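Asks: Supplied in structure tokens, the structure appears directly below.
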There are 4 protein chains.
Amino acid sequence: MAEAGHSSNKLHFQLDRISFFTDGVFAIAITLLVIEFKVPVVEHPTDAALWDRLAHMGLLLLGFLISFCIVGYYWSVHHRIFGYVEKYTSRLIWLNLMFLFSVVLLPFTSGLLGEYASETHLHLPYGIYVVNICFTALMNALLWFYVSNPKHDILTHKISRERILLGFYFTLVVPILFVISFVVSLYEPTIGRLIPILIPIVLKYGMTGLTARAAANENSK
Amino acid sequence: MAEAGHSSNKLHFQLDRISFFTDGVFAIAITLLVIEFKVPVVEHPTDAALWDRLAHMGLLLLGFLISFCIVGYYWSVHHRIFGYVEKYTSRLIWLNLMFLFSVVLLPFTSGLLGEYASETHLHLPYGIYVVNICFTALMNALLWFYVSNPKHDILTHKISRERILLGFYFTLVVPILFVISFVVSLYEPTIGRLIPILIPIVLKYGMTGLTARAAANENSK
Amino acid sequence: MAEAGHSSNKLHFQLDRISFFTDGVFAIAITLLVIEFKVPVVEHPTDAALWDRLAHMGLLLLGFLISFCIVGYYWSVHHRIFGYVEKYTSRLIWLNLMFLFSVVLLPFTSGLLGEYASETHLHLPYGIYVVNICFTALMNALLWFYVSNPKHDILTHKISRERILLGFYFTLVVPILFVISFVVSLYEPTIGRLIPILIPIVLKYGMTGLTARAAANENSK
Amino acid sequence: MAEAGHSSNKLHFQLDRISFFTDGVFAIAITLLVIEFKVPVVEHPTDAALWDRLAHMGLLLLGFLISFCIVGYYWSVHHRIFGYVEKYTSRLIWLNLMFLFSVVLLPFTSGLLGEYASETHLHLPYGIYVVNICFTALMNALLWFYVSNPKHDILTHKISRERILLGFYFTLVVPILFVISFVVSLYEPTIGRLIPILIPIVLKYGMTGLTARAAANENSK
């Protein structure tokens, strides 16, 4: 998109608006996750009866926490990716929109998973949920693939090969672990579905360690 | 609106707030599109029974993708239009609000279309949906008509005649194709309703090609 | 709130965040207005049967348009008020929050009005709606009363007495016309409830005319 | 997170995006509080019958106002905390996300409280609500604990010990009063649940007084 004649200031604001819009969609998607949390209606409520009903929601709360972390995580990855972007193109806007499309579907697939959380013989809801996560991760990877390519000339500065690979690691570790989790859950539902709980821990250490290594590589050059 | 005494910095932020507000409304409208995607409740669920129910939602997903792209597209057009705006007036604020009004109606008309997606003998839901798109496009065109007019003195720099016409092309190609789609769908529902799937492709090529031509024209001057 | 040691840049961003938050709440409130627009479910739908159902929503659409304009209008007034603000205080934040509280109630009172739109013998829904608008206008007037007072030392520049009064006019003309509309509607429901349709026109001319006069006064000094 | 090679401008925008995203989540959470406010459906409505139904919602409105103020309050505390932040780290992003997680749960726990507001023999809904508030306050305190620690080197300037303690006071006074309120409500439901109404008043005076003292301490150094 030729933006001939625009001041540098205006161009920056135009770029920032893409981030604002993205942040808005993420903020809404992450908040809508909780919408499946329906207030239970008990006819003649006692504290014990209500507690019984709410206890069943414990699993939902865990699932919601995981979905919340996934959306929050991909927001933080988007945040990091766009930290390198200095210009925008039509293609970037559309890749970003398709990425947002995958994010906006998450409250639905997460809700589907929650609705049938107690039906442990079902594999479809979890399968669809994992497909959604893979879709989000794929769009995120495409975004990074597009942005990190110096040919497109939209970067603030050239990114080292190590950091580009690191970016793909950040993007793809989540869907890979979820696919493993899904395959294991076909045979061992309980163990399989617990695997994603490890993701934040794995990622946190990976993030700290690998970022340091990439930074070290860059400094040593 | 006389803003005598305001610093240039403050004026810019005041202008930016119009974009923030717009981005917020777009972000919510685009996310609410998915609200019609209700999690299906199956009594004694099996994977097969649930799949049956979800398979019916495939058409909904396609419709949702199209609506998502339309809202995303008009966001990107708004983004481009406001890239040229340097000052604001009361009239600009109200034209923008009426544009947002048309956008906020889209989750409803899109939901209406989705609700009756399987009733192929109905024409009204699709008709209302197309009217909504025409309304959005019209408001968008009026916004561009207002902004691009140098008399209103709100532009960052004068826009060439080619680029102004290009802006109207971007705005009006969508409703024109939807009206064609609607008219064809009166006789050939399936073929007619598939026409909008072509829009993104048509637009993408048009956008690249025509923008380049306008830029070339400007440079040759 | 003493912000000793903060750079001017940071202070501006801190002030801007109040506007971002406000814009977010407004964007959501204005979009939630449409949530009462439920997609009608018709058992054996024909275009004619569906049209019948939708035709009843014409009144709702008009009501929704009015509520949309009111929220949009108070957003634009807030936009103008904060255009004069250079510093913030705890009190400003809380006045702003209470103003937002009144705005967030509007989708409910607007929905109540819509739900009973066809029950023309009822006065309560419209009365509650008008009370909500008066509450919003009052909080808006308090905000302007606080901001425009040079004692609080939060203004970008001193505002003339004419402009301060003009600000109150902008804020209070809407509730006054709605109270008149309500009182008239007790005797002549149809005529009474049509009065607010005139507000945008009245305001638009008032805005242009009075702003020009205030600007002229300022220039003549 | 090493952001080697980034300009100071870009770094600031990257930091600002965390605030934008936070503001978006807060704006949605504070608006969703009102979603529990369902428009009552009365079969053969009269003004008197409708008023009867709405009068029961008076308690809900009070509860909603309190929840609104709590969310608004923690937004303002977040606003103050991030006013001191100049850099960001992965840990800050995740602490912030967990803080947002607690905020996003509030519309649910607030709705649960509202649903059983008239069942004065129940203690569970209020207990869960208080737990949510304690969770939010705890995450807020952790955020402040992390930010105010000069070791993390993310501050705009060193904060005095008085101001750090003042920050914890702001964060923790709300949950402490709610825990007292809950314990009292076990024996005296009406009196106990009225205690939180005092919070805004207590805080407002505390905020003004203690901030002044901290500022005086800083100036005297």
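Asks: Can you tell me the relative contact order of region D:78-221? Whole percent, Cα pairs under 8 Å, sequence separation 6 or more.
Replies: Relative contact order of region D:78-221: 25 percent.
Asks: Among A:TYR116, A:PHE168, A:ILE195, whose Cα projects farthest towards the positive end of the dipole of region A:92-221, with charges put on the beta-carbon of Lys, Arg (+1) and Asp, Glu (-1)?
Replies: Farthest towards the positive pole: A:PHE168.
Asks: Let me ask something additional. Read phi for every residue in region A:101-111 and hand back ³J(HN,Hα) as whole Hz from Karplus 6.51 cos²θ - 1.76 cosθ + 1.60, θ = phi - 60°, with x for Gly and Pro.
Replies: Once θ is set to phi - 60°, the couplings for region A:101-111 become 4, 5, 5, 5, 6, 4, x, 5, 5, 5, x Hz.
Asks: Per residue of B:45-53, how many C-beta atoms from partner chains lie within 10 Å of its own C-beta, taken as a mean? Intermediate values should be presented prior to the final figure.
Replies: On the way: counts 7, 4, 8, 1, 2, 9, 3, 0, 0.
Going residue by residue through B:45-53 and averaging, the value is 4.
Asks: Could you give, in nm with one decimal, how far C:SER90 is from each other copy of that position, shortest first, with labels 7 Å out from Cα toward Cβ?
Replies: Result, one decimal in nm: 3.8, 3.8, 5.4.
Asks: Report ³J(HN,Hα) in whole Hz for each residue of region D:129-144, in order, from the Karplus equation J = 6.51 cos²θ - 1.76 cosθ + 1.60 where θ = phi - 60°; Gly and Pro get x.
Replies: The phi angles translate into 4, 5, 4, 4, 5, 5, 4, 4, 5, 4, 4, 5, 5, 4, 4, 5 Hz.
Asks: How large is the Kirkwood hydrodynamic radius of region A:131-189, in angstrom, based on all distinct alpha carbon pairs?
Replies: The Cα-based Kirkwood calculation yields 12.8 Å.
Asks: Over all distinct Cα pairs, what is the inverse of the mean 1/r for chain D, reported as the Kirkwood hydrodynamic radius in Å? Present the calculation step by step, with values, prior to reporting the outcome.
Replies: Details: mean 1/r = 0.0516 Å⁻¹.
Evaluated over chain D, this radius sits at 19.4 Å.
Asks: Here's a follow-up. Could you pull the Cα extents of region C:96-221 along its three principal axes, largest to smallest, in whole Å?
Replies: 54, 30, 17
Asks: How high is the relative contact order of region B:1-144, in percent, counting Cα pairs under 8 Å that sit 6 or more residues apart?
Replies: That works out to 33 percent.
Asks: So if I take the alpha carbon set of region C:1-80, get Rg, then get Rh from the Kirkwood formula, what is the Rg over Rh ratio?
Replies: 1.30
Asks: Taking beta carbons within 10 Å but only from partner chains, what does the mean come to for residues C:102-110?
Replies: Counting Cβ atoms of other protein chains within 10 Å of each residue's Cβ and averaging gives 4.
Asks: May I pose another question? Starting from the Cα of A:HIS12, move 7 Å in the Cα-to-Cβ direction to define the label point; list residues of region B:58-91 whose amide nitrogen is under 19 Å from there.
Replies: In region B:58-91, the label zone of A:HIS12 (backbone N under 19 Å from the point 7 Å along Cα→Cβ) covers B:83-87.
Asks: Between region D:98-149 and region A:144-201, how many Å separate their Cα centres?
Replies: Computed from Cα coordinates, the inter-centre distance equals 32 Å.
Asks: Taking the dipole about the Cα centre of region B:21-134, with the C-beta of Lys and Arg at +1 and of Asp and Glu at -1, give me whichever of B:VAL103, B:THR89, B:LEU65 is farthest to the positive side.
Replies: Farthest towards the positive end: B:THR89.
Asks: Considering chain B as a Gaussian network with a 10 Å cut-off on Cα pairs, which listed residue, B:PRO150, B:PRO196, B:PRO175, attains the greatest mean-square fluctuation?
Replies: B:PRO150
Asks: Would you mind ranking D:LEU142, B:LEU143, D:LEU124 so that the residue whose beta carbon has the fewest other beta carbons within 10 Å leads the list?
Replies: In order of increasing Cβ crowding within 10 Å: D:LEU142, D:LEU124, B:LEU143.
Asks: In the structure displayed, which of A:LYS204/D:LYS151; A:LYS38/C:LYS10; A:LYS10/A:LYS151 lie more than 29 Å apart, Cα to Cα?
Replies: A:LYS38/C:LYS10
Asks: Let me spell out the model: positive unit charges on the Cβ of Lys and Arg, negative unit charges on the Cβ of Asp and Glu, origin at the Cα centre of region D:69-221. What dipole size does that give, in debye rounded to 20?
Replies: Here region D:69-221 has a charge dipole of around 620 debye.
Asks: Ordered by residue, what ³J(HN,Hα) values in Hz, to whole numbers, does region D:14-19 give under the Karplus form 6.51 cos²θ - 1.76 cosθ + 1.60, where θ = phi - 60° and Gly and Pro are x?
Replies: Result, ordered by residue: 4, 5, 4, 4, 4, 5 Hz.
Asks: Treating only the Cβ atoms of Lys and Arg (+1) and Asp and Glu (-1) as charged, compute the dipole magnitude of region B:78-155 about its Cα centre; round to the nearest 20 debye.
Replies: Dipole of region B:78-155, to the nearest 20 debye: 340 debye.
Asks: GNM, chain B, Cα, under 10 Å: largest mean-square fluctuation among B:PHE168, B:PHE108, B:PHE21?
Replies: B:PHE21
Asks: Partner chain Cβ atoms within 10 Å, averaged over the residues of A:148-161 - can you pull that number for me?
Replies: For peptide A:148-161, the averaged partner shielding equals 1.
Asks: Shifting gears a bit: Could you work out the helix-only [θ] at 222 nm for chain C, with each DSSP H run of four or more residues adding -39,500 (n - 2.57) and the total divided by the number of residues, to the nearest 500 deg cm²/dmol?
Replies: Taking each H run of at least 4 residues, the total per residue is -26000 deg cm²/dmol.
Asks: Here's something else I'd like to know. So what's the convex hull volume per residue for the Cα atoms of region C:68-137, in Å³?
Replies: 71 Å³
Asks: Please give the charge dipole size of region D:133-196, origin at the Cα centre, charges +1 on K and R Cβ atoms and -1 on D and E Cβ atoms. Round to the nearest 20 debye.
Replies: Working: 5 positive and 3 negative charges, 38 e Å.
It comes to approximately 180 debye.
Asks: Taking neighbour counts of Cβ atoms within 10 Å as a proxy for exposure, in what order, fewest first, do D:VAL174, B:VAL183 appear?
Replies: B:VAL183, D:VAL174
Asks: For a quick check: with amide H placed at 1.01 Å from N, whose amide H comes under 5 Å from D:VAL85's, ignoring anything fewer than 5 positions away on the same chain?
Replies: D:THR156
Asks: Then there's this: Consider all pairwise Cα distances in the protein assembly as shown and report the whole-number % of them above 45 Å.
Replies: Tail of P(r) above 45 Å: 27 percent of Cα pairs.
Asks: Distances from B:VAL173 to the same position in the other copies: list them in nm, one decimal, shortest first, using label points 7 Å from Cα along Cα→Cβ.
Replies: 4.2, 4.2, 6.0
Asks: Nm distances between the label at B:ALA49 and the same-position labels in the remaining copies, 7 Å along Cα→Cβ, shortest first?
Replies: 2.7, 2.8, 3.9
Asks: In what order do D:SER19, B:SER118, A:SER110, B:SER90 fall by count of nearby beta-carbon atoms within 10 Å, going from fewest to most? Display every interim value, and only then the final one.
Replies: Working: D:SER19 22, B:SER118 10, A:SER110 29, B:SER90 15.
The most exposed by this proxy come first: B:SER118, B:SER90, D:SER19, A:SER110.
Bear in mind these aren't lab numbers, they're just calculated from the coordinates by the rules spelled out. As the structure is a computational prediction, the values presented were derived from the model and not from experiment. Methodologically, a virtual Cβ is constructed for each residue, glycine included, from the backbone with ideal geometry; neighbour enumeration extends over all protein chains shown.
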